[in-house]
Amino acid sequence: NAGVTQTPKFQVLKTGQSMTLQCAQDMNHNSMYWYRQDPGMGLRLIYYSASEGTTDKGEVPNGYNVSRLNKREFSLRLESAAPSQTSVYFCASSYRDRAVGAFFGQGTRLTVV
Amino acid sequence: GQQLNQSPQSMFIQEGEDVSMNCTSSSIFNTWLWYKQEPGEGPVLLIALYKAGELTSNGRLTAQFGITRKDSFLNISASIPSDVGIYFCAGQLRTNAGKSTFGDGTTLTVKP
């Protein structure tokens, strides 16, 4: 079982460039999430998708867009990258109706210069 | 929004010692979760707690859901070098099942 797979693992962008972070899960989970983690801080929710076809803003959505492509895939797009978006991005998935915690991918380390 | 205060921020202990860390919230949660994150990896769920007062163990780890529902505690007994990592608490409301608020983490270093 692959679990939650994120691509790419590392990326360097110039300010103003755009990119899409990809995430796929093979656990048949309903819900998927994008978090960012900054040094010395916990994870902050950017966007989430409670089920296929729905997306909602989390705590820090500005500068990001998401697409729930199907039940397996949830992508995060930076339209015009800024240095403040330098962070480690984690995708996660979980069951929708059971509060049993989430499974996380290995993360994408993004640097914006 | 809800905020979680996790303490201590970091711990340096000797192998074999017991460890305690806690998490407090400004508001009530219906579920408390404890995760561990190792370098270069995503967080991995250790323990989930669902009821006020609940005490749950996972090997040498024991966690408790506080009676007020605004706090939770994690204890690690007889620490070993592989316990090194960052431990995060997270709270969930039943209405937002799956959507978690995370603490800032406790970084644990174990000296052999």
Ranking of B:MET21, B:MET11, A:MET19 by count of other Cβ atoms within 10 Å, fewest first | A:MET19, B:MET11, B:MET21
Mind checking B:40-47 for the average number of partner chain beta-carbons within 10 Å of each residue's beta-carbon?
-> 6
Net charge of Cβ neighbours under 12 Å - reference B:ILE13; Lys, Arg +1; Asp, Glu -1 = -3
Over chain B, what per residue volume does the convex hull of the Cα atoms give, in whole Å³?
-> 91 Å³
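What ranking do B:ILE86, B:ILE28, B:ILE67 get, fewest neighbouring Cβ atoms within 10 angstrom at the top? Mind dumping the intermediate values first?
On the way: B:ILE86 19, B:ILE28 12, B:ILE67 9.
So the residues, fewest neighbours to most, are B:ILE67, B:ILE28, B:ILE86.
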Neighbour-count ranking [beta-carbon atoms within 10 angstrom, fewest first] of A:THR86, B:THR106, B:THR68 | B:THR68, A:THR86, B:THR106
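Rounded to whole Å and sorted largest first, what semi-axes of the equivalent ellipsoid does the C-alpha gyration tensor of the protein assembly as shown yield via the square root of 5 times each eigenvalue? Please report the intermediate quantities before stating the final value.
Values: eigenvalues 170, 83, 48 Å².
Value: 29, 20, 16 Å, ordered largest first.
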Kirkwood hydrodynamic radius (C-alpha pairs) into Stokes-Einstein, the stretch A:10-56, 37 °C and 0.692 mPa s, D in µm²/s | 252 µm²/s
Go from 0 up to the bin containing the longest alpha carbon distance in chain A, width 10 Å each, and give me the % of pairs per bin.
-> 15, 51, 29, 5, 0
Quick one: if the Förster radius is 22 Å, what FRET efficiency do B:SER10 and B:ILE80 give, using the C-beta to C-beta distance and rounding to 0.05?
-> 0.75
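Every read-out reported here was derived from the displayed coordinates using simple, explicitly stated rules and does not represent laboratory data. Worth saying up front: this structure is predicted, and the values here are computed from it rather than measured. Note that each Cβ is placed from the backbone with ideal geometry, even for glycine, and that neighbours are counted across all protein chains shown.
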